[in-house]
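One structure below.
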Amino acid sequence: MSRELIVAIDGPSGAGKSSVTALLAKRLGYLHIDTGAMYRALALLVARAGVLVDDDAAVQQVCSAAEIALQRTADGYQVLVNGEDVSVAIRTPEISLLTSQLASRKVVRDLLLVRQRALGKNGGVVLEGRDIGTVVFPEAEIKFYLTASVAERGRRRFEELRQKGEPVVLEQTIAEVAQRDEQDRTREHAPLCRAADAIDIDSTGRSIDQVLDEMMRIVAARRVAAVTD
């Protein structure tokens, strides 16, 4: 085989992309590129700088100077911004909503697009996001569109935040997930969109292992096909 595959996993917030992508990459021995974490990291910097999201010049100044790294750990990976571990700080509800707003800005998407393509161009990567299979790597050999019902995704988010001690209300969390969906679908630049050749996987009521096993079967078949082509 000339090279390993590019695997793209797209889908809405809370569908389980981060967990599944990390485990799939580990099983395959591929690099996990969490593009969502990269956007969240920039959102955190913008929030700290007190910059308005629609001030493109100021946003570009803050973001272009940022050094973002995804560093493997025993439990997964750390998100580092200019050497600081921000893995926890980027997962708050406030940063989640700001990330969606920031990700709609062309200046930010153009900046991260270059970095993401450079990381994955040689294959052997699993990338997650909302436009990986349509914008970042439309040539990816395998494209998954992972989703779940709004209620299911809201419940998962609620449990995640509750376990962290956050004062959350289930109904409000579900509403926030729906709001995030609307922002992602209607943004001007690179909106959330299923690639025409994506494989749909619904994680509602399914365990991570069940979803992962289905993906592994598909990837295994494609790897065999790549060898024989």
Solvent exposure of the chain as accessible area per residue, Å², 1.4 Å probe
48 Å²
Can you list the GluC sites (Glu not before Pro) in region 31-112 that are in a DSSP coil and have 12 or fewer other beta carbons within 10 angstrom?
Glu67
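At a 1.4 Å probe, what is the % contribution of carbon and sulfur to the accessible area of the chain?
C and S fraction of accessible area: 52 percent.
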Accessible surface of Asp85 in the full protein assembly, 1.4 angstrom probe, to the nearest 10 Å²?
80 Å²
Beyond 25 Å between alpha-carbons counts as too far, so tell me which of Lys121/Lys164; Lys106/Lys164; Lys26/Lys121 fall in that bin.
Lys121/Lys164; Lys106/Lys164
Using 0.36 nm per residue of separation minus the Cα-Cα distance, give me the extension gain between Asp200 and Arg72 in nm, one decimal.
43.2 nm
Calculated from DSSP helices alone, with each H run of at least 4 adding -39500 (n - 2.57) and the total divided by the residues of the chain, [θ]222 nm to the nearest 500 comes to -16000 deg cm²/dmol
Taking every DSSP beta bridge with both residues inside the chain, roughly what % is antiparallel (nearest 5)?
30 percent
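Test of the criteria: in region 101-181, which trypsin sites (Lys or Arg not before Pro) are in a DSSP loop and have at most 15 other Cβ atoms within 10 angstrom of their Cβ?
Loop-located and lightly packed - Lys121, Lys164.
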So if I take the alpha carbon set of region 145-200, get Rg, then get Rh from the Kirkwood formula, what is the Rg over Rh ratio?
1.07
Ile199 long-range amide H proximity, modeled H, under 5 Å:
Lys143, Phe144, Tyr145
Would you mind pulling out the separation of the Cα centroids of region 190-229 and region 1-61, in Å?
18 Å
Cα-centred dipole magnitude for region 68-113, charges only on beta-carbon of K, R (+1) and D, E (-1), debye, nearest 20:
240 debye
Which percent of Cα-Cα pairs in the chain sits in each 10 Å bin, short to long?
8, 33, 39, 18, 3, 0
May I ask you to list the GluC sites (Glu not before Pro) in region 145-212 that are in a DSSP loop and have at most 12 other Cβ atoms within 10 Å of their Cβ?
Glu188
Pseudo-spin-label distance Arg115 to Ser19, built 7 Å along Cα→Cβ, given in nm, is 2.7 nm
May I ask what percent, to the nearest 5, of DSSP beta bridges between residues of region 35-133 are antiparallel?
100 percent
What aspartates and glutamates does Lys143 reach when the alpha-carbon gap must be under 18 Å and sequence neighbours fewer than 8 apart in one chain are set aside?
Glu4, Asp10, Asp34, Glu128, Asp131, Asp197, Asp200, Asp202, Asp213, Glu214
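The values are calculated or read from the model by the stated rules, or taken from the named source; none is laboratory data. These numbers come from a predicted model, not from an experiment. A quick note on method: Cβ atoms are made from the backbone with ideal geometry, for glycine too, and the neighbour counts reach across all protein chains shown. Just so you know, the surface numbers come from the protein's heavy atoms only, side chains and all, with ligands and any DNA or RNA stripped out. Shrake-Rupley method; radii C 1.70, N 1.55, O 1.52, S 1.80 Å.
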